[in-house]
Amino acid sequence: MPDQIQPVRGMNDIPPAEIAAWQFLERCIAELVTAYGYEEMRVPLIEHTALFKRAIGELTDVVGKEMYTFESQGGESLTLRPEATAGMVRALISNRMLRGQRHKLWCIGPMFRHETPQAGRYRQFHQLDVEAVGFTGPDVDAELIALSARLWRLLGIEHVRLQVNSLGTPESRRAYRELLVGYFRDHEAQLDADSRRRLGGNPLRILDSKSPQMQAIVAGAPLLTEHLDPQSREHFEAFCALLRDFGVEYEINPRLVRGLDYYTRTVFEWITESSGAQNAVCSGGRYDGLIAQLGGEPTPAIGFALGMERVVGLLVQAGRAPPPAKPDVFVILSGDRAGTAGLGLIERLRNELPHRRFECNLGGGNLKTQFRRADRSAAPLALIVADDELDRGVVAMKPLRQDSGQSECPIAQLAAGIEQALAALGVS
């Protein structure tokens, strides 16, 4: 017997028993973002590697260590997308959707990063991406936060808290970066290996270090919020005022820097403390320079990404994940003619009762076997289509979850009879 082929590490299946939570989350998202005026967009899984190097930054961990990059047969360097924003911006430019236009867009799909797999973080993972393009003021920043806060309420997820910060403009951040490098150079002997590596390329990421030995050093570092340019400070203060008006609680985290180079001004994260650890389940910010950086017209923009695996985990943890779908009616077929006529009858019932889910016994089996399958299906009602009953123009009905007897219903009145029987069983 040949060896079994195992899944690639960090690339997980989502079996039918778990899919209901995903579908529930996806439905809630689609309804909510549509209500806020966002339109769905779909972009490729594979892009030119240069897109992510230019957008995310060659010195970031994502580009430097985590991307799945390969050479095509034509010799092009291609990459499985590690995030969606760069691809969506590229699509806006490629499809000539800018030129002073404004867009509110969203997409859901898989992303790929070669990270160490852990709870809620995989090498193939799924994200909701929400982007508002062409908007300059703090009002859209606050509305995006309000949208995400409403999503938590809609899903019934508690114990998430919002952290916000401003990174200022690239110019003010460059000046702050020099100040920060000087501070960390003075403490270089105390830095861990990861922070020393970042010091030469992306020193702001040291502020986000989770290493215990780094916390005291990071705590003494200069604060970016104290070195903002006046316009960024005004933008951030107006943004915070709007959050207060919306009733959205937040905390300012001056160490929040985000891991991608394209962010400017507003950045934010929704944090959960489930499982005893702090985890970001939704993160984003403003990226006013990215579109011009990728060859488009200078256009302001802001967006966020939400980790679907982590939110599904929170739904399950909170007991908010719906149970797997089950049929309303399981159809048992008994007899040679019933096997053919019964299938045709159920197809007609599917036309008459499109809101009901019917599952037919397929592949034969005696009555005992079929009733066992009906029980496993968790359907509340069974129809028994048999040769003798067909001759009399009736079908038998039997509740499967209650200890009540079997009845008969004329085939001509079967749709109404099924509805009446399910109502009596408390099935809406």
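Structure summary
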| read-out | value |
| --- | --- |
| Entirely in the stretch 1-98, the helices (runs of 4 or more DSSP H) that have 1 or more residues that are at pLDDT below 90 | 16-35, 49-56 |
| Out of LYS53, LYS104, sole residue that is over 25 Å from SER148 (Cβ atoms), surrounded by 13 or more Cβ atoms within 10 Å (Cβ to Cβ) and of a type in the set (D, E, K, R) | LYS53 |
| Test set (1) hydrophobic (A, V, I, L, M, F, W, C); (2) within 25 Å of LEU314 (Cβ to Cβ); (3) over 17 Å from the mean Cα position of the chain (by Cα) - CYS107 fails condition number | (3) |
| Residues of the stretch 9-44 that turn out to be surrounded by 15 or more Cβ atoms within 10 Å (Cβ to Cβ), closer than 30 Å to GLY75 by Cβ and not β-branched (Val, Ile, Thr), as a count | 2 |
| Qualifying residue in the stretch 201-213 (condition: farther than 25 Å from ARG286 by Cα, aliphatic (A, V, I, L, M), at pLDDT below 80 and part of a helix (DSSP H, G or I)) | no |
| Matching entry among ALA175, ALA221, ALA216 (being at pLDDT 80 or above, part of a loop (DSSP other than H, G, I, E, B) and not assigned by TED's automatic domain parsing to the domain that holds THR34) | ALA221 |
| The stretch 147-176: number of residues that are touching a residue at least 40 places away in the same chain (Cβ under 8 Å), over 22 Å from GLU273 (Cβ atoms) and not hydroxyl-bearing (Ser, Thr, Tyr) | 7 |
| Odd one out for GLN6, checked against (1) surrounded by 15 or more Cβ atoms within 10 Å (Cβ to Cβ); (2) within 19 Å of TYR122 (Cα to Cα) | (1) |
| Residue check, PRO117 buried (at least 19 other Cβ atoms within 10 Å of the Cβ) and either charged (D, E, K, R) or within 23 Å of the chain's Cα centre (by Cα) (or both) | no |
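The values are calculated or read from the model by the stated rules, or taken from the named source; none is laboratory data. The model shown is predicted, which means the values in this text are computed figures rather than measured ones. All Cβ positions, even for glycine, are placed from backbone atoms using ideal geometry, and neighbour counts span all protein chains on display.
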